[in-house]
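Notes for the one structure printed next.
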There are 2 protein chains.
Amino acid sequence: MKFKRSERLIDLTHFIVENPNHIVPLTFFAERYQSAKSSISEDLAIIKQTFEQRGIGTLQTVPGAAGGVRFISRVQENDAKEIVKELCERLASADRLLPGGYLFMTDLLGNPSIMNKVGKLLASAFAEKEIDVIMTVATKGIPIAHAIANHLNVPVVIVRRDSKVTEGPTVSINYVSGSSKRIQTMVLSKRSLKEGSRVLIVDDFMKAGGTVHGMINLLEEFSATVAGIAVLMESENASERLVSDYISLVKLSNVDEREKRINVFEGNYFDSNLSFL
Amino acid sequence: MKFKRSERLIDLTHFIVENPNHIVPLTFFAERYQSAKSSISEDLAIIKQTFEQRGIGTLQTVPGAAGGVRFISRVQENDAKEIVKELCERLASADRLLPGGYLFMTDLLGNPSIMNKVGKLLASAFAEKEIDVIMTVATKGIPIAHAIANHLNVPVVIVRRDSKVTEGPTVSINYVSGSSKRIQTMVLSKRSLKEGSRVLIVDDFMKAGGTVHGMINLLEEFSATVAGIAVLMESENASERLVSDYISLVKLSNVDEREKRINVFEGNYFDSNLSFL
């Protein structure tokens, strides 16, 4: 079956978007479309240009025997600002306020379109870093971790509060929760993480950073290293922060339970050294 | 800024794939590309044809004032067979066997590329049904639920074993686990689910179906209804099945712990009344 250029462009775009951060050899596409490599190169050049102009991402050419073309999902600064603004507005709504100054965020974490945007933003921030795996803690970090993983094409491992038979042998540590100063346990399946893995730690909310700090300690037990830390929301009112080098999309600053007022601002995302398209 | 047809096709394809099951009015695209609606219609016709030929999905035209075009993600039967075969092969590997005849599946559930395929298969099966929300139980069902949600563009709600302060008021029920006959609790945030919602219930593994049955009971408390049930894996050796109408991708049939042998077959996915492309 022969393909017209328009059909190739459509199928190529779909394939590339479905397979971010995969290195795909040109020969794969040449066979798929029964076309000369030179035609495929021209197609890819058009796609690269359009992706960059529209703020979708970029195509990288990876040289060498195992080389090919790789789609890196990126966000333009304008679009990123829009997304963060939308998050702030949604999160600042008074009816999210729960006793103890907590915020109800479950609806946002369950919204696939918002999670895809959040995942793209945070994946963009770590696109240049070498990341082997994303780690989060059950339950609320999972949608964020998977949303990032969809763009970075790396596996997700999930730390739990308790061990389950379906996880096989586990490694467990105790840690001190930053805010409540209580001793807690976290558990990770031994098979989940290879020695030496570079790990992106992800969570939905960070106050003092006890949970994230616990995950860093857990990594040491696996001889793995921290490649980055990303949270959806940080709380400004943390007395003593246990974690310093992290990226947050939004920042919760004043929660007035009596007045039912919440202030949510941009996090430190735009302060960090990001390369926007 | 004027767009060439090739650029429009690339950006349109990206937009459509990123926004499955959204109805997008033609005027949106006409403004986005500063083009006549007739040109956009031609573009969309080429995309529809290519998507159908390549087994990517289809574009539906929704008439009326709130109308537009909607991308439905679909899988061709051949591709679906390939994916299920890959799942069977991966799951049948002897080193997955855990004490008690359980299978280690965590690596597959953490693999974004496999989850995307699983999500697309299960979303295809329910593309014609009216689904308002996907429900699963923490922790292992979450990646599957979100993978399906990405294609159906509906929110995910997560049932938990215990209630947490960040969930707000909750509804809790007791249920009898099908295999162990133990009384267990499941909890859902009251805000998560609107009355009358049509719910797709999703889980990673079903033996007797106690957990799924519990979720069905929980739906009654919310005056919500079951729109479908989907599991990644079912166990053939369930003495008494509490749930009858469900779709499974794979079926675990014989687990011989002494011989370290596992048999994994196709589930009932292909028996069901699916409309493949």
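The values are calculated or read from the model by the stated rules, or taken from the named source; none is laboratory data. These figures come from a predicted structure and were not determined experimentally. For neighbour counting, all protein chains shown are included, and Cβ atoms are generated from backbone atoms with ideal geometry for every residue, glycine included. When the accessible area is computed, the model is the full protein with side chains, heavy atoms only, and any ligands, DNA or RNA have been set aside. Shrake-Rupley method; radii C 1.70, N 1.55, O 1.52, S 1.80 Å.
Would you say A:Ser244 is on the phi > 0 side of the Ramachandran plot and more than 18 Å from the chain's Cα centre (by Cα)?
no
Provide a single number: the residues in segment B:266-277 that are at pLDDT 90 or above, open to solvent by less than 60 Å² (accessible area, probe 1.4 Å) and either in contact with a strand residue (DSSP E or B) (Cβ under 7 Å, 6 or more places away or on another chain) or not in a loop (DSSP other than H, G, I, E, B) (or both).
Qualifying residue count for the region: 3.
What is the one condition in (1) surrounded by 24 or more Cβ atoms within 10 Å (Cβ to Cβ); (2) in a helix (DSSP H, G or I); (3) touching a residue at least 24 places away in the same chain (Cβ under 8 Å); (4) within 11 Å of chain B (Cβ to nearest Cβ) that A:Ile142 does not satisfy?
Failed condition: (3).
How about segment A:1-120: which helices (runs of 4 or more DSSP H) wholly inside it have at least 2 residues that are more than 30 Å from A:Ser248 (Cβ to Cβ)?
Result: A:5-18, A:26-33, A:37-54.
Only residues that are in a loop (DSSP other than H, G, I, E, B) and under 19 Å from A:Val154 (Cβ atoms): list them for segment A:182-225, please.
Selection gives A:Leu193, A:Lys194, A:Glu195, A:Gly196, A:Ser197, A:Phe222, A:Ser223, A:Ala224.
Condition first: open to solvent by less than 20 Å² (accessible area, probe 1.4 Å) and either over 22 Å from A:Arg182 (Cβ atoms) or not hydrophobic (A, V, I, L, M, F, W, C) (or both). Now tell me which residues in segment A:235-246 satisfy that.
Listed by number, the list holds a single entry, A:Ser235.
Would you pick out the residues in segment B:178-201 that are free of Cβ contacts under 8 Å to residues at least 40 places away in the same chain, more than 14 Å from chain A (Cβ to nearest Cβ) and not charged (D, E, K, R)?
B:Ile183, B:Thr185, B:Gly196
Quick one: in segment A:145-155, of everything that is facing another protein chain (nearest Cβ under 7 Å) and either closer than 23 Å to B:Val137 by Cβ or more than 24 Å from the chain's Cα centre (by Cα) (or both), which residue is surrounded by the most Cβ atoms within 10 Å (Cβ to Cβ)?
A:Ala149
Identify the single condition in (1) at pLDDT 95 or above; (2) more than 8 Å from chain B (Cβ to nearest Cβ); (3) open to solvent by 30 Å² or more (accessible area, probe 1.4 Å) that A:Met135 does not satisfy, given that it satisfies every other one.
All conditions pass for A:Met135, except number (3).
Just one of (1) in contact (Cβ under 8 Å) with a residue 12 or more places away in the chain; (2) open to solvent by less than 10 Å² (accessible area, probe 1.4 Å) trips up B:Thr50, so point out which.
(1)
Any idea which of (1) open to solvent by 20 Å² or more (accessible area, probe 1.4 Å); (2) at pLDDT below 95; (3) more than 10 Å from every other protein chain (Cβ to nearest Cβ); (4) in contact with an Asp or Glu (Cβ under 8 Å, 6 or more places away or on another chain) is the one A:Pro99 doesn't satisfy?
(3)
Conditions tested, residue by residue: (1) hydrophobic (A, V, I, L, M, F, W, C); (2) assigned by TED's automatic domain parsing to the domain that holds B:Glu130; (3) at pLDDT 95 or above.
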{"position": "B:Ile16", "(1), (2), (3)": "yes, no, yes"}
{"position": "B:Thr58", "(1), (2), (3)": "no, no, yes"}
{"position": "B:Ala66", "(1), (2), (3)": "yes, no, no"}
{"position": "B:Glu86", "(1), (2), (3)": "no, yes, yes"}
{"position": "B:Ala94", "(1), (2), (3)": "yes, yes, no"}
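Taking the condition of being among the small types (Gly, Ala, Ser), in contact (Cβ under 8 Å) with a residue 24 or more places away in the chain and in a strand (DSSP E or B), how many residues in segment B:235-262 meet it?
Residues that pass the stated criteria total 2.
Matching residues to (1) open to solvent by 80 Å² or more (accessible area, probe 1.4 Å); (2) free of Cβ contacts under 8 Å to residues at least 12 places away in the same chain; (3) among the β-branched types (Val, Ile, Thr); (4) touching a strand residue (DSSP E or B) at 6+ places or on another chain (Cβ under 8 Å):
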position	(1), (2), (3), (4)
B:Asp203	no, no, no, yes
B:Ala208	no, no, no, no
B:Glu221	yes, no, no, yes
B:Ala224	no, no, no, yes
B:Ala230	no, no, no, yes
B:Met233	no, no, no, yes
B:Val264	no, no, yes, yes
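For segment A:156-167, which positions are facing chain B (nearest Cβ under 7 Å) and open to solvent by less than 60 Å² (accessible area, probe 1.4 Å)?
A:Val156, A:Val157, A:Ile158, A:Arg160, A:Thr166, A:Glu167
Go through the residues of segment A:117-128 one by one and say whether even a single one is in contact with a Pro (Cβ under 9 Å, 6 or more places away or on another chain) and without any contact (Cβ under 8 Å) to a residue 40 or more places away in the chain.
yes
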